[in-house]
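Heads up, the thing below is written out as structure tokens.
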Amino acid sequence: MKGKTRAVEPKTRRGFSLETYLASTGPARKVVEYRRGEVVFSQGDPGDDVRYIQKGAIKLSVLSRIGKEAVVAMLAPGDFFGEGALAGQSLRIGTAAAVVPSSVLIIEKEAMVRLLHEEPAFSDHFISYMLTRNMRIEADLVDQLFNSSEKRLARTLLLLARYGQTNPQRTLPKVSQETLAEMIGATRSRVNFFMNKFRKLGLIEYNGGLKINSSLLSIVLHD
């Protein structure tokens, strides 16, 4: 007589802690410290791992065939990058560099795949992150298509400060006006003009760093 088939639950290591894993080293993962301005990986490098920012800030940029650079993202603690390796992207399509001294967890591709299959807590966290990031990319596209450079700058500053998230950081790592201009598709002179305007209105502050006030949201919401 044939027995009943029972569903097999995915194997999960007892005592797995998402927070501990992402904050520590171990088999198939290591933490690397980067100085300000140091390259984490370059466009065209082999893509054989996924990175996670423990501390600091990372700038992602792409270089065109004619040598023009475009900043595509500014990442902060809690962000993953280099995840294209999981989708068969054998070479990095952009360059990652540390904006400030940064600690980056490097997880080997095979270990990352194994985690996604075997650890529901890790898988849920990563999928949630990627979905949120995808929505952010779509919003960035709408922002570029329909909003003024002033609104784009205000929105970018709020995003860098993680406005509306659990742990906002009012004081930003040092970001040059050239970088901000590249991110919003404007000139440095326009960025300088709007930054001065925001400062005079009390929307941002310069005090040992760039501080973003929640009142900056008024620029984004203003028609």
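The values are calculated or read from the model by the stated rules, or taken from the named source; none is laboratory data. The structure displayed is predicted, hence computed values, not measured ones. All Cβ positions, even for glycine, are placed from backbone atoms using ideal geometry, and neighbour counts span all protein chains on display. Remember, those area values only see protein heavy atoms, side chains included, never the ligands or the DNA or RNA. Shrake-Rupley method; radii C 1.70, N 1.55, O 1.52, S 1.80 Å.
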inquiry  = Test of understanding: among G208, G202, which residue is over 19 Å from the mean Cα position of the chain (by Cα), at pLDDT 85 or above, among the small types (G, A, S) and outside any strand (DSSP E or B)?
reply    = G202
ask   = So which residues in the range 200-223 are on the phi > 0 side of the Ramachandran plot and either open to solvent by 60 Å² or more (accessible area, probe 1.4 Å) or of a type in the set (D, E, K, R) (or both), if there are any at all?
value = G208
ask   = Out of all the residues in the range 173-199, which are over 17 Å from V71 (Cα atoms) and either crowded, with 20+ Cβ neighbours inside 10 Å or modelled with pLDDT under 80 (or both)?
value = F194, F198
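For (1) of a type in the set (A, V, I, L, M); (2) free of Cβ contacts under 8 Å to residues at least 12 places away in the same chain, each residue gets a yes or a no:
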position	(1), (2)
D124	no, yes
L131	yes, yes
A139	yes, yes
V142	yes, yes
S149	no, no
L157	yes, no
Residues of the range 79-114 satisfying the condition of being in contact with a helix residue (DSSP H, G or I) (Cβ under 6 Å, 6 or more places away or on another chain) and either surrounded by fewer than 18 Cβ atoms within 10 Å (Cβ to Cβ) or among the polar types (S, T, N, Q) (or both) = K109
request  = Name the one entry in E19, E9, E33 that is loosely packed, with under 14 Cβ neighbours inside 10 Å and either at pLDDT 95 or above or touching a Phe, Trp or Tyr at 6+ places or on another chain (Cβ under 8 Å) (or both).
outcome  = E33
request  = Might you check whether a residue that is assigned to a helix (DSSP H, G or I), surrounded by fewer than 17 Cβ atoms within 10 Å (Cβ to Cβ) and among the charged types (D, E, K, R) occurs anywhere in the range 139-160?
outcome  = no
query = Could you list, in sequence order, the residues of the range 169-196 that are touching a residue at least 24 places away in the same chain (Cβ under 8 Å) and more than 18 Å from the chain's Cα centre (by Cα)?
reply = G185, A186, R190, V191, F194, M195
query = Out of all the residues in the range 121-138, is one or more over 21 Å from A73 (Cβ atoms), open to solvent by 80 Å² or more (accessible area, probe 1.4 Å) and out of contact with any helix residue (DSSP H, G or I) (no Cβ under 8 Å at 6 or more places or on another chain)?
reply = yes
task = Name every residue in the range 37-65 that is open to solvent by 40 Å² or more (accessible area, probe 1.4 Å) and not in a loop (DSSP other than H, G, I, E, B), in order of residue number.
result = V39, P46, Q54, K55, K59, V62, L63
